[in-house]
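J.: I'd like to ask some things about the structure below.
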Amino acid sequence: MGYAIIRSGVSRSFPESDPFLASASAPEDAEVVIYCGAPLVPDPAKAAILVELGHESLGTHTGEAMGGEGSNVLGFARYCNGRDAPSNLVELVRQEATPDSAIAAARAVLEAAGLTVAVCTDQAGRIVDRLVRPKYNAALRFLDEGLATQKDMDLTCRMGLGYPDGPIERVARGGLDLHHDLTRVLFETYGTPGFAPARRAVVAAARRTTRD
C-alpha cells in the first residue's frame, strides 16, 4: 500500500536518515497520507490519514463530538525516550468512531516498514508514557529522599527486575527537561499526583530556559 509524507520541520518519528522517508510516494498516488508537522488536510477518499502527535490529543487536530468523533484520520507517535533515537514501536491513536478499515490501512503501511504497531484510544500520554512516567518521578523522588543512590536504584532495577537500564539513568539520558514538559502536560490533564514533575525535572527545565 502506497503512502505519502507531508512534512514541515523535523519529524520526531522519522529523522532525516530514516528509510521510511525515502519510500514515500507522491500524495496524489498514495492510499495513505502521513502528516508530520504540516497542517492536516482531510481527504475522505484516502484509505487513512495519519497525523504525527506530540503531547497533544488527536482531537486537537480533528475536533471532537462528545464521544462520536472518528473518521479516516488517525494519530500516531513513534515512541522514543526523550532525545534517544526512535524505537520501532508506533502508538496508533484511534477515536471512538474510527473505521476498522482505516486502522487496517494505517497498520499495513507501518508494519510493512518493519515497525510494531499498538492501537490505543485518544488519551494524552497514550500507553507507554502513562505507564512509565510515574515510575521515573518516583525514582527521582526516592533519590531526593535519600532512599538509595542513583547507582543502587538503577542496579536494583537491572538485576532484580531484568530491565535493560535503570529508571534514573534512562530518564536522565532522554533529558530531564523533556521529562518535565511531558509530565507537566499529563498532570494538567489528569491531575494524578504521580504525573507531577519531580523536583530534579523542574530544575532541569528551569536551567534550559535560563540557557535559552
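A short reminder: the numbers here are calculations on the coordinates, not readings from a lab. What you are looking at is a predicted structure, and each value in this text was computed from that prediction instead of being measured. Neighbour counts are summed over all protein chains in view; Cβ atoms, including those assigned to glycine, are modelled from backbone coordinates with ideal geometry.
J.: Based on what the data block shows, is residue 124 surrounded by 14 or more Cβ atoms within 10 Å (Cβ to Cβ), outside any loop (DSSP other than H, G, I, E, B), under 20 Å from the mean Cα position of the chain (by Cα) and among the aliphatic types (A, V, I, L, M)?
T.: No.
J.: Right, here's the next one. Among the residues of the stretch 58-97, write down those that are among the small types (Gly, Ala, Ser) and under 22 Å from residue 136 (Cβ atoms).
T.: Hits for the stretch 58-97 are 77, 82, 85, 87.
J.: Can you tell me which of 94, 78 is of a type in the set (Lys, Arg) and closer than 16 Å to residue 12 by Cβ?
T.: Result: 78 is the single residue among 94, 78 that is of a type in the set (Lys, Arg) and closer than 16 Å to residue 12 by Cβ.
J.: If I filter the stretch 62-72 for residues that are touching a strand residue (DSSP E or B) at 6+ places or on another chain (Cβ under 6 Å) and closer than 30 Å to residue 177 by Cβ, do I get at least one hit?
T.: yes
J.: Which condition number in (1) in contact with a His (Cβ under 7 Å, 6 or more places away or on another chain); (2) part of a loop (DSSP other than H, G, I, E, B) is the one that residue 202 fails?
T.: Among (1) in contact with a His (Cβ under 7 Å, 6 or more places away or on another chain); (2) part of a loop (DSSP other than H, G, I, E, B), the lone unmet condition for residue 202 is (2).
J.: Same structure, new question: Looking only at the stretch 164-184, how many residues end up being surrounded by 14 or more Cβ atoms within 10 Å (Cβ to Cβ) and outside any helix (DSSP H, G or I)? Before the answer, list the steps.
T.: Here is the first cut: in the stretch 164-184, the residues surrounded by 14 or more Cβ atoms within 10 Å (Cβ to Cβ) are 166-172, 174-184.
With the extra rule that they be outside any helix (DSSP H, G or I), the set shrinks to 166, 175.
Qualifying residue count, the stretch 164-184: 2.
J.: Looking at the stretch 136-163 only, could you name the residues that are surrounded by 16 or more Cβ atoms within 10 Å (Cβ to Cβ) and over 21 Å from the mean Cα position of the chain (by Cα)?
T.: Of everything in the stretch 136-163, those that are surrounded by 16 or more Cβ atoms within 10 Å (Cβ to Cβ) and over 21 Å from the mean Cα position of the chain (by Cα) turn out to be 139, 140, 142, 143, 150, 153, 154, 157.
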